[in-house]
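Colleague: Here it is, the structure in full.
The values are calculated or read from the model by the stated rules, or taken from the named source; none is laboratory data. Everything numeric here is computed off the predicted structure, so don't read it as measured data. Cβ coordinates were reconstructed from backbone atoms using ideal geometry, including for glycine residues, and neighbour counts include every protein chain displayed. Side chains included, ligands, DNA and RNA excluded: accessible areas come from the protein's heavy atoms. Shrake-Rupley method; radii C 1.70, N 1.55, O 1.52, S 1.80 Å.
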Amino acid sequence: MSQQLLNIAKEYGSPLYVYDSEKIIAQYNRLSKAFNKVKSLRLNYAVKALSNISILKVFNALGSGLDTVSIQEVHLGLKAGFKPENIIFTPNGVSLEEIENVAKLGVQINIDNLSILEQFGTKHPNDPVCIRINPHVMAGGNTNISVGHIDSKFGISIHQIPLLLRIVENTGMNINGIHMHTGSDILDIDVFLYASEILFETAKNFKDLQFIDFGSGFKVPYKTGDIETNIEELGDKLSKRFNEFCKEYGKELTLAFEPGKFLVSEAGVFLAKVNVVKQTTSTVFAQIDSGFNHLIRPMLYGSQHEIINISNPKGRERFYSVVGYICETDTFANNRRINEINEGDILCFKNAGAYCFTMASNYNSRYRPAEVLIHKGEAHLIRKRETFEDITRNQIEIAV
Ligand SMILES: *Cc1c(COP(=O)(O)O)cnc(C)c1O
């Protein structure tokens, strides 16, 4: 694998994102299998994790649906060949107009506030709508990524169900799904099942449901010792409970999930070249040809991506702080044990499939990286590296 990545870096340059479709397919199949006791399962890949059209096509070929948060993501999905009915639109705080435009495309919409629900229901009582509930359950410990708790901006609070029911009744609108997305990390399956019970309880208020969407939050390991969501255990327990609920409800419903990270995180790596090895009195810095403009998760979330020196995998291990080249503190790793690094070496950052390229920017007027997809063993360029023209494209020079 290392040699293949080195060859790819040589051919396409650095910094570079490289994805492996085999891993994406394996994760998709693993999740499907964990829930194979459910009669109707729908996996909607969360586009925002990694939105390259070629990646979306891999999901389309698997029979996956899509979870989208902007009309632009919807258009990417349609361009990749998805049928509108296999796309769900789960935005937060977008305008009524955007929701109407997405609904017109035939995409399933999901509304997460009472104001828009009432306006949409009044104007389009016949359009099926899913509603996003906030069960106020805290999954994971980091308030940045736990969106189900009491002061979160996401979802309609379960304490407002009576108000919600009044709106549904007054408008005569058609609620065909209910949804929750509790946060980014399911560490404790019992917490998740507890939130699911709240969703089941809420579901009983609606007669015409077709699906219940349990969102996502599947955790994948980033560094050794990290806990990972036990998908098989979750599949076992939730499927059983879901099937019981369908009996109670008197109808076969579809169980939906919308994972991003679980499906693509481990399928991606980020390759960057070491420009400078800088020895100070206390630290050895390895400075790469990138920064938080290309991979912001370590600075934004404190996430620790494993870093491997693929140019010298057998070298003696030493301690390095891996930092970037932008004019800002951009630390990827502090005093990390890595095989001896020389200038020009290629470092490989793992778990770079989700929320890495999609969060990249042009800060410091740098080009965003290229992207490569290894599909059926062969490397394909799926996004060109930017050029100076991309930096100036929309700028308008005035006479000064
Ligand atoms: C981001 C997002 C997801 C995907 O979350 P992951 O942690 O990447 O699996 C799913 N649903 C909604 C509504 C989201 O906003």
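Colleague: Restricted to region 253-296, and to residues that are over 27 Å from SER21 (Cα atoms), in a strand (DSSP E or B) and among the polar types (S, T, N, Q), which residue is most open to solvent (accessible area, probe 1.4 Å)?
Modeller: So, considering only residues that are over 27 Å from SER21 (Cα atoms), in a strand (DSSP E or B) and among the polar types (S, T, N, Q), the one most open to solvent (accessible area, probe 1.4 Å) is GLN279.
Colleague: Just need a number here: residues in region 89-133 that are in contact with a Lys or Arg (Cβ under 9 Å, 6 or more places away or on another chain) and either under 24 Å from HIS159 (Cα atoms) or of a type in the set (A, V, I, L, M) (or both).
Modeller: Within region 89-133, residues that are in contact with a Lys or Arg (Cβ under 9 Å, 6 or more places away or on another chain) and either under 24 Å from HIS159 (Cα atoms) or of a type in the set (A, V, I, L, M) (or both) number 8.
Colleague: If ASN29 satisfies all but one of (1) touching a Gly at 6+ places or on another chain (Cβ under 9 Å); (2) more than 30 Å from THR387 (Cα to Cα); (3) open to solvent by 50 Å² or more (accessible area, probe 1.4 Å), what's the number of the condition it fails?
Modeller: With respect to (1) touching a Gly at 6+ places or on another chain (Cβ under 9 Å); (2) more than 30 Å from THR387 (Cα to Cα); (3) open to solvent by 50 Å² or more (accessible area, probe 1.4 Å), ASN29 is out only on (1).
Colleague: Restricted to region 122-137, and to residues that are surrounded by 19 or more Cβ atoms within 10 Å (Cβ to Cβ) and touching a strand residue (DSSP E or B) at 6+ places or on another chain (Cβ under 7 Å), which residue is farthest from SER216 (Cα to Cα)? Even if it seems obvious, please write down each step before you answer.
Modeller: Our first condition is that a residue be surrounded by 19 or more Cβ atoms within 10 Å (Cβ to Cβ); within region 122-137, this holds for 129-135, 137.
If we keep only those that are touching a strand residue (DSSP E or B) at 6+ places or on another chain (Cβ under 7 Å) as well, we get 129-134.
Values: VAL129: 20, CYS130: 16, ILE131: 16, ARG132: 13, ILE133: 14, ASN134: 13 Å.
Among those that are surrounded by 19 or more Cβ atoms within 10 Å (Cβ to Cβ) and touching a strand residue (DSSP E or B) at 6+ places or on another chain (Cβ under 7 Å), it is VAL129.
Colleague: Can you tell me which of TYR320, TYR301 is over 23 Å from the mean Cα position of the chain (by Cα) and either of a type in the set (Phe, Trp, Tyr) or open to solvent by less than 30 Å² (accessible area, probe 1.4 Å) (or both)?
Modeller: Numbers: TYR301 fails: over 23 Å from the mean Cα position of the chain (by Cα).
Answer to the check: TYR320.
Colleague: Can you tell me which residue is nearest to THR202 (Cα to Cα) among those in region 214-248 that are within 16 Å of the ligand (Cβ to nearest atom) and among the charged types (D, E, K, R)?
Modeller: Step by step, filter region 214-248, then rank; the result is LYS219.
Colleague: For residues that are over 11 Å from the mean Cα position of the chain (by Cα) and either open to solvent by 20 Å² or more (accessible area, probe 1.4 Å) or of a type in the set (Ser, Thr, Tyr) (or both), tally how many sit in region 347-358.
Modeller: Of the residues in that region, 1 qualify.
Colleague: When you scan region 364-380, how many residues do you find that are surrounded by fewer than 16 Cβ atoms within 10 Å (Cβ to Cβ) and closer than 24 Å to GLU306 by Cα?
Modeller: 1
Colleague: Of the residues VAL69, VAL18, VAL58, which single one is more than 14 Å from the ligand (Cβ to nearest atom) and open to solvent by 10 Å² or more (accessible area, probe 1.4 Å)?
Modeller: Result of the check over VAL69, VAL18, VAL58: VAL58.
Colleague: For VAL107, all conditions in the list (1) of a type in the set (A, V, I, L, M); (2) farther than 29 Å from GLY302 by Cα; (3) modelled with pLDDT under 95 hold save one; what is the number of the exception?
Modeller: Condition not satisfied by VAL107: (3).
Colleague: Could you identify the single residue in SER70, SER21, SER14, SER2 that is closer than 30 Å to ILE156 by Cα, touching a residue at least 24 places away in the same chain (Cβ under 8 Å) and hydroxyl-bearing (Ser, Thr, Tyr)?
Modeller: Residue meeting the stated conditions: SER70.
Colleague: Name the one entry in ILE338, ILE326, ILE296 that is in contact with a strand residue (DSSP E or B) (Cβ under 8 Å, 6 or more places away or on another chain) and of a type outside the set (Gly, Ala, Ser).
Modeller: None of the other options fit; the residue is ILE338.
Colleague: Then there's this: Given (1) out of contact with any helix residue (DSSP H, G or I) (no Cβ under 9 Å at 6 or more places or on another chain); (2) more than 15 Å from the ligand (Cβ to nearest atom); (3) not charged (D, E, K, R), where does ALA256 come up short, assuming only one miss?
Modeller: (2)
Colleague: What are the pairs, 6+ residues apart or on separate chains, where a residue within region 239-252 that is open to solvent by less than 90 Å² (accessible area, probe 1.4 Å) has its Cβ under 9 Å from a residue that is β-branched (Val, Ile, Thr)?
Modeller: Within 9 Å, the pairs are SER239/VAL38; PHE242/VAL38; PHE242/ILE212; ASN243/VAL38; PHE245/ILE212; CYS246/VAL38.
Colleague: Within region 225-248, identify whether any single residue is at positive phi and over 24 Å from the mean Cα position of the chain (by Cα), and answer yes or no.
Modeller: No, there is no match, as no residue in region 225-248 is at positive phi and over 24 Å from the mean Cα position of the chain (by Cα).
Colleague: Take GLU97 and decide whether it is without any contact (Cβ under 8 Å) to a residue 12 or more places away in the chain, more than 30 Å from GLU197 (Cβ to Cβ), in the same structural domain as ILE175 (by TED's automatic domain parsing) and open to solvent by 10 Å² or more (accessible area, probe 1.4 Å).
Modeller: Details: without any contact (Cβ under 8 Å) to a residue 12 or more places away in the chain: yes; more than 30 Å from GLU197 (Cβ to Cβ): yes; in the same structural domain as ILE175 (by TED's automatic domain parsing): yes; open to solvent by 10 Å² or more (accessible area, probe 1.4 Å): yes.
Yes; evaluated as a whole, the condition is true for this residue.
Colleague: Additional query: Condition check: in contact (Cβ under 8 Å) with a residue 40 or more places away in the chain and either within 16 Å of the ligand (Cβ to nearest atom) or not in a helix (DSSP H, G or I) (or both). Does ILE198 satisfy that?
Modeller: no
Colleague: Restricting to region 176-195, and then to whatever is open to solvent by less than 10 Å² (accessible area, probe 1.4 Å) and either away from the ligand (no atom under 15 Å from the Cβ) or assigned to a loop (DSSP other than H, G, I, E, B) (or both), can you tell me which residue is modelled with the lowest pLDDT?
Modeller: GLY183
Colleague: In region 385-398, what residues are open to solvent by less than 100 Å² (accessible area, probe 1.4 Å) and in a loop (DSSP other than H, G, I, E, B)? Walk me through it before giving the result.
Modeller: Taking region 385-398 as the starting set, the residues that turn out to be open to solvent by less than 100 Å² (accessible area, probe 1.4 Å) are 385-387, 390-392.
Listed by number, the residues that qualify are ARG385, GLU386, THR387.
Colleague: Hey, another quick one. Can you find even one residue in region 280-293 that is of a type outside the set (Ser, Thr, Tyr), touching an Asp or Glu at 6+ places or on another chain (Cβ under 6 Å) and within 16 Å of the ligand (Cβ to nearest atom)?
Modeller: No, there is no match, as no residue in region 280-293 is of a type outside the set (Ser, Thr, Tyr), touching an Asp or Glu at 6+ places or on another chain (Cβ under 6 Å) and within 16 Å of the ligand (Cβ to nearest atom).
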